[in-house]
Amino acid sequence: NRLRVAKEAAEQADRTKSQFLAMVSHELRTPLTTIIGYSEMLIEQAATDQLPQYTDDLNQIHTSANHLLTLINDILDLSKIEANKIEMARDSFDPAAVIRELMASVEPLARKNANTISLDCPPDLGPAVGDATRVRQCVLNLIANACKFTTNGQVKVQAYRTSAEGLEWIRVEVSDTGIGMSPEQMERLFQPFTQVDSSAGRKHGGTGLGLAISMRLAQAMGGRILVESQLGKGSTFTLVVRAMLPKKGDSILVPLTKGVV
């Protein structure tokens, strides 16, 4: 009886936490969206009125607000995942086009630490059915992570399609020549709010949510994220997801064998 009561109390506390995170995230996003909108208007107005002395400050406001919005969206995603309320779209999309469009937006991430970034993706990865936005989110998180922990190095993105388990799979590998990780650090990778170590968190920033969310989204798409790393030599993260998600209500869970990974 005591165990049952304790279990129910823990589950209720978890639900309350998730509801609180979702409510706070929604409330914070409204004023932040306004700040971002007005900062964009002021940046345009400063350019029109030829007032370059204000541009740097306004860009700082805009960048910081966008950074806060990203963190809030991550917390909202995590609360939805923990409450089992995350839903995946099942729409037709072109995975090659999604990845190529994404590469245009990650160039500033690579330049920030003087990295070069390259893409190896065939023009046609074949058709896909699923949530293109979530696939994009996962790949972006992996690329951003690689760029953050690499300086004066290389980040390579490779995408291809494989067949295994009688299914079609989309694989996206993101390799870097950054700081790498030890086996002990890799064990903590996909835990929410966890950095590989405290010094990395202070130096490179971030909440430790990106990889945790990406792994859970990949699992919701019938796949997962694989990682290989050597301390001081770099890391390779591989997103593996089903190319064709089944209809809502059907099981998407498939054991990933060596044929897939």
message: What number does the range 1-90 give for Rg over Rh if you use C-alpha atoms and the Kirkwood radius?
response: 1.27
query: So which helices of the chain fit the span-like rule, where a helix is a whole DSSP H run, its Cα atoms reach 18 Å or more along the axis, and its mean Kyte-Doolittle is at least 1.0?
result: none
query: ³J(HN,Hα) across the range 230-242 via Karplus (A = 6.51, B = -1.76, C = 1.60, θ = phi - 60°), whole Hz, x for Gly/Pro?
result: 10, 4, x, 10, x, 9, 10, 9, 10, 8, 10, 9, 5
- request: First select every other residue whose beta carbon is under 15 angstrom from the beta carbon of residue 12; then total the charges, Lys and Arg +1, Asp and Glu -1.
  value: 0
- request: Please identify the longest segment of the chain free of exposed trypsin sites (Lys or Arg not before Pro), where exposed means a DSSP state other than H, G, I, E or B and no more than 14 other Cβ atoms within 10 Å.
  value: 91-187
- line: Over all pairs of different Cα atoms in the chain, the reciprocal of the mean inverse distance gives a Kirkwood radius in Å of 20.3
- prompt: Once amide H atoms are placed 1.01 Å from N in the peptide plane, what residues at a sequence separation of 5 or more from residue 223, or on another chain, have their amide H within under 5 Å of its amide H?
  reply: 242
statement: Diffing the range 84-94: the Karplus 3J(HN,Hα) column from phi (6.51, -1.76, 1.60, θ = phi - 60°), in whole Hz with x for Gly and Pro, holds 6, 10, 6, 10, 9, 6, 10, 10, 6, 8, 9
- line: In the neighbourhood of residue 230 defined by beta carbon distances under 14 Å, the net charge of the other residues (Lys, Arg +1; Asp, Glu -1) is -2
task: Provide the percentage of antiparallel DSSP beta bridges, counting only those with both residues in the range 92-183; round to the nearest 5.
output: 70
field: Of every Cα-Cα pair in the range 122-172, the percent that sits beyond 15 Å
entry: 58
statement: The local net charge around residue 41, scoring Lys/Arg +1 and Asp/Glu -1 for residues other than residue 41 whose Cβ lies under 15 Å from its Cβ, equals -4
- prompt: Roughly how many Å² is the accessible area per residue of the chain, as a whole number, for a 1.4 Å probe?
  reply: 57
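Leaving out ligands, DNA and RNA, what percent of the accessible area of the chain is carbon and sulfur, probe 1.4 Å?
After summing per-atom areas, the C and S share lands at 55 percent.
The values are calculated or read from the model by the stated rules, or taken from the named source; none is laboratory data. None of these values were measured; they are calculated from a predicted model. Reconstructed Cβ throughout: ideal geometry from the backbone, glycine too, with neighbour counts over all protein chains shown. Just so you know, the surface numbers come from the protein's heavy atoms only, side chains and all, with ligands and any DNA or RNA stripped out. Shrake-Rupley method; radii C 1.70, N 1.55, O 1.52, S 1.80 Å.
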